[in-house]
Amino acid sequence: MPRNRDFRGLTVRAEADGIVTTHTARRGTRTLAELSISPIQTAPEGLAGLRRWPQPWAFVLMPLPYGIFLGYVQTALPWLLRQGGFSVDRIGAIEALILAPMALYFLWSPLVDFWLRRRVWMVLLAALSALLLAAAILLLARLPQLATRMLLAGFAVNLLTTSCAGALIALTLGEAGRAKAAAWMQGGMLAAQALGGALLLYLARRLSTPATATCAAVLVAAPALIALTIGEKAPQGNARDFWRTVKTMGCEIRATLFAARSLPALLLLVSPVGTAAAQSLFAAMAREYSVGEQGVLLLNGILGGVLTMLGAFAAVVVPAHWDRRIAYAASGLLCAVSGIFLVFAPMAPWAYYAGVALYMLSSGMCYAFFLGVVVIALGEAGESAGTRYTMLVSLGNLPVVYMTRVEGWGYGVFGSRGVPALDAAGNLLVALATAVWIAVAAVRRPKE
């Protein structure tokens, strides 16, 4: 090996404090020392954030397109359908249909791993889903079935923005940074879901339908532009590289989904813990508790956004070395408490406010730890970061779809109390199974 090798073009990836930095050699660089790699060097105050971009907190903005779209589906739409004469169990069936792509979008998610940078995909996909949402709002009053199909298509497209955000986390942050970014991202998603849904309901009741549709489109499309600030390597462009990448992705996906170490996380992801499925039905059930539009706007919107963010940020303050799988199952216990409260409490406004508030706080905790479980199962980024992230999240979203349908069925059979009862039962079942798993693991652990 020659002593003086030309290192120009070489890119070095280094990690410090959870942030991954890359350093590319310039023309004429002949020693590794000349690369000036200093990820742990103290930067002048005010410049450290610029040298280490993106910071984990930046990902609080990435899920806003998804959160606002989902907020319309889970808060504004159920209320509007209920006011239009739809029954709660029928609304549950519609919600389950629109949310179905959450469990299936891994089938088309590989799209974001090819041809364009993820940041570009994110902007384009957010814009297309915004147009479909606007079309659905325009059609809802006159053609509700067609509007439902438009929402289904728009949600299927919008989900891919989360694939882009998840891949950018895996590509730009180290292990500690990914855990923090996942919590920030989930907090932003939940806040956007609650606040965005309430805002769109407020606008729908006070503005003309075209004005509401325009505002909804802008709210969904505009936040995706933040992705353009993140540096990212261009994807491979020729056919040979494409097929080599496909082969590599297949190996990485197999290693993720069929590894023994991933089994506990995968079982948690498909379980009914922490689904927050009842959130899609609470707005439709509000009038049975004598809660009007203002109460829904306050609790399911403004206050709900604060509560879900507070719950999600619990994952930020929890030490990174704590097992997110156990924390995820444990947070489901708090969800179960809120469900049990609503089962036995009287059908009064104060019971709705107290029970739903506790439910939204605990849901924020569950969702934040949920992303932590996904990151554990995901492992290293690799070529298929976006695809594997999406497959894992799809597995985790499957319970949201089936529990929404089950709880809607529960309303039709058992009435209003059937929704929180079935939700609590799912959370308690998984918490009990996790406790058994911990006990068995403790017995099998060799004594020192």
Condition first: more than 18 Å from Leu200 (Cβ to Cβ) and either crowded, with 18+ Cβ neighbours inside 10 Å or of a type in the set (Lys, Arg) (or both). Now tell me which residues in the range 95-109 satisfy that.
Ala96, Ala100, Pro101, Met102, Ala103, Tyr105, Phe106, Ser109
Which one of Ala126, Ala147, Ala134, Ala100 is in contact (Cβ under 8 Å) with a residue 60 or more places away in the chain, in a helix (DSSP H, G or I) and more than 21 Å from the chain's Cα centre (by Cα)?
Ala134
Here the qualifying pairs (Cβ atoms under 6 Å; residues six or more apart or on different chains; first in the range 388-412 and touching a residue at least 24 places away in the same chain (Cβ under 8 Å) and farther than 19 Å from Gly166 by Cα; second aliphatic (A, V, I, L, M) and outside any helix (DSSP H, G or I)) come out as Val400/Ala277; Met403/Ala277; Thr404/Ala277; Glu407/Ala277; Glu407/Ala278
Listed residues Pro349, Pro399; which is touching a Pro at 6+ places or on another chain (Cβ under 7 Å) and closer than 27 Å to Gly305 by Cβ?
Pro399
Just for helices (runs of 4 or more DSSP H) wholly inside the range 287-336: which have at least 2 residues that are closer than 23 Å to Gly197 by Cα and either among the small types (Gly, Ala, Ser) or over 17 Å from the mean Cα position of the chain (by Cα) (or both)?
293-297, 303-312
Looking at Ala165, Ala156, can you tell me which residue is under 22 Å from Leu116 (Cα atoms), at pLDDT 85 or above, within 13 Å of the chain's Cα centre (by Cα) and in a helix (DSSP H, G or I)?
Ala165
Could you list all residues from the range 310-356 that are among the aromatic types (Phe, Trp, Tyr) and either modelled with pLDDT of 80 or more or in contact with a Cys (Cβ under 8 Å, 6 or more places away or on another chain) (or both)?
Tyr328, Phe341, Phe344, Trp350, Tyr352, Tyr353
Which listed residue is closer than 20 Å to Ala103 by Cα and in contact with a Pro (Cβ under 7 Å, 6 or more places away or on another chain), from Ala165, Ala181
Ala165
Go over the candidates Gly295, Gly250, Gly301, Gly237 one by one and state the one that is modelled with pLDDT under 85, out of contact with any Ser or Thr (no Cβ under 9 Å at 6 or more places or on another chain), over 22 Å from Asn427 (Cβ atoms) and among the small types (Gly, Ala, Ser).
Gly237
Would you call Asp113 farther than 26 Å from Val419 by Cβ and modelled with pLDDT under 95?
yes
Output the residue which, of all residues in the range 116-137 that are among the hydrophobic types (A, V, I, L, M, F, W, C) and farther than 17 Å from Leu228 by Cβ, is surrounded by the most Cβ atoms within 10 Å (Cβ to Cβ).
Leu133
Every pair of residues 6+ apart whose Cβ atoms lie under 9 Å, when the first sits in the range 262-279 and is of a type in the set (Lys, Arg) while the second is assigned to a loop (DSSP other than H, G, I, E, B) and surrounded by fewer than 23 Cβ atoms within 10 Å (Cβ to Cβ)
none
Checked the range 150-174 for anything in contact (Cβ under 8 Å) with a residue 60 or more places away in the chain, under 22 Å from Leu395 (Cα atoms) and surrounded by fewer than 24 Cβ atoms within 10 Å (Cβ to Cβ); matches are Ala170, Leu171
Looking only at the range 75-91, how many residues end up being within 21 Å of Leu190 (Cβ to Cβ) and either without any contact (Cβ under 8 Å) to a residue 60 or more places away in the chain or in contact with a Pro (Cβ under 9 Å, 6 or more places away or on another chain) (or both)?
0
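The values are calculated or read from the model by the stated rules, or taken from the named source; none is laboratory data. No experiment lies behind these values; they were computed from the predicted model shown. As a convention, Cβ positions derive from the backbone with ideal geometry for all residues, glycine included, and neighbour counts pool all protein chains shown.
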